[in-house]
Amino acid sequence: MKIESRRKIVAGNWKMNLDLTEAAEWLAEVDAGLRSDKCDVLVFPSFIFLGDLMDMYEGEQILFGAQNCSNKESGAYTGEVSAAQLASVGVEYVIVGHSERREHFGETNQMLKEKIQRALKNEITPIFCCGEPLEVRNANKQLEYVKQQLEESLLGFSAAAIAEIIVAYEPVWAIGTGLNATPEQAQEMHAFIRAEIAAKYSPDIAAQVPILYGGSCKPDNAKALFSCADVDGGLIGGASLNAKDFLKIIQAV
Ligand code: 13P
């Protein structure tokens, strides 16, 4: 199932957390607590549980995605998982370019472009993450920094491809730190990203692309962030691990 344009989306990126039992309990609790169709709910478990969880889940309200995929098509790449393999078990979304992948695993803008290409080829919707580290924000160079990330990874694709993608703005200084962008900072960057897409493609295409905010988004700040005009929901890390907190964030949409 594809997300309609500019639907609100709340996505939980579990990172390397939760075991299979905890993940199954989370699914049951979140599914039971979902009360509205105001937003699409996505969850990104570890690769190892994706197939099991998708098989086990009998509801229709939660969509599943992978936290990463390889930039290679197939072959001798021990430990990697390809977009085609993800598609073969029914995965429809993949996070590309999370700052933790960029920082700890040396992922470059060029590699991320290749990952987006692989995902799209396999009809998987990429959630492309961008965002600046603290020193860039302190130097007030965040717009130039994100512009380069967009140009080198994303903005070479066709208009039809861009209309299918999701962007997540994740300021690195806000991830897992308890610091979050203010609604004004988030709105400024989201509007900038949308304007860059509009300039390269068209305002109509830009208007279709959901842009999510990620970085210490929690029940107590979600409403203010989600009420910004260009913030279409959130990519939630730490607060997504707790089903009750995650449900509260969904209710903030
Ligand atoms: P936190 O919500 O833990 O800051 O993480 C955000 C994130 O990295 C989502 O992908």
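Please specify each residue of the range 164-211 satisfying the condition of being under 14 Å from ASP232 (Cβ atoms), touching a residue at least 60 places away in the same chain (Cβ under 8 Å) and among the small types (Gly, Ala, Ser). The answer is ALA168, ALA207. Might you check whether a residue that is touching a Lys or Arg at 6+ places or on another chain (Cβ under 8 Å), among the acidic types (Asp, Glu) and surrounded by fewer than 24 Cβ atoms within 10 Å (Cβ to Cβ) occurs anywhere in the range 144-155? Within the range 144-155 (the criterion being touching a Lys or Arg at 6+ places or on another chain (Cβ under 8 Å), among the acidic types (Asp, Glu) and surrounded by fewer than 24 Cβ atoms within 10 Å (Cβ to Cβ)), the answer is yes, since at least one residue qualifies. Which condition does LEU241 not pass, out of (1) of a type outside the set (Lys, Arg); (2) within 15 Å of the ligand (Cβ to nearest atom); (3) crowded, with 21+ Cβ neighbours inside 10 Å, if it passes all the others? Against the list (1) of a type outside the set (Lys, Arg); (2) within 15 Å of the ligand (Cβ to nearest atom); (3) crowded, with 21+ Cβ neighbours inside 10 Å, LEU241 comes up short only on (3). Out of VAL89, VAL96, VAL136, VAL81, I need the residue that is over 23 Å from ILE193 (Cβ atoms) and either open to solvent by less than 70 Å² (accessible area, probe 1.4 Å) or within 16 Å of the chain's Cα centre (by Cα) (or both). Which one? Unique residue meeting the criteria: VAL81. Against the condition modelled with pLDDT of 95 or more, more than 11 Å from the ligand (Cβ to nearest atom) and β-branched (Val, Ile, Thr), how does VAL172 come out, does it pass? Judged against the criteria, VAL172 is not a match. The requirement of being part of a helix (DSSP H, G or I) and within 16 Å of the ligand (Cβ to nearest atom) is fulfilled nowhere in the range 207-219; no residue meets it. Look at (1) touching a residue at least 60 places away in the same chain (Cβ under 8 Å); (2) of a type outside the set (Phe, Trp, Tyr); (3) surrounded by 15 or more Cβ atoms within 10 Å (Cβ to Cβ) and you find that ALA66 fails only one, number (1).
Of all residues in the range 229-238, those satisfying the criterion of being away from the ligand (no atom under 11 Å from the Cβ) and open to solvent by 20 Å² or more (accessible area, probe 1.4 Å) are ALA229, ASP230. Residue pairs whose Cβ atoms lie under 7 Å apart, sitting 6 or more positions apart in sequence or on different chains, and linking a residue in the range 92-114 that is more than 30 Å from GLU60 (Cβ to Cβ) and at pLDDT 95 or above to a partner that is in a helix (DSSP H, G or I) and open to solvent by 60 Å² or more (accessible area, probe 1.4 Å), are ASN109/GLU152; GLN110/GLU152; LYS113/GLU152.
The values are calculated or read from the model by the stated rules, or taken from the named source; none is laboratory data. For clarity, every value in this text was computed on a predicted model and none was experimentally measured. Note: ideal-geometry Cβ built from the backbone for every residue, glycine included; neighbour counts use all protein chains shown. When the accessible area is computed, the model is the full protein with side chains, heavy atoms only, and any ligands, DNA or RNA have been set aside. Shrake-Rupley method; radii C 1.70, N 1.55, O 1.52, S 1.80 Å.
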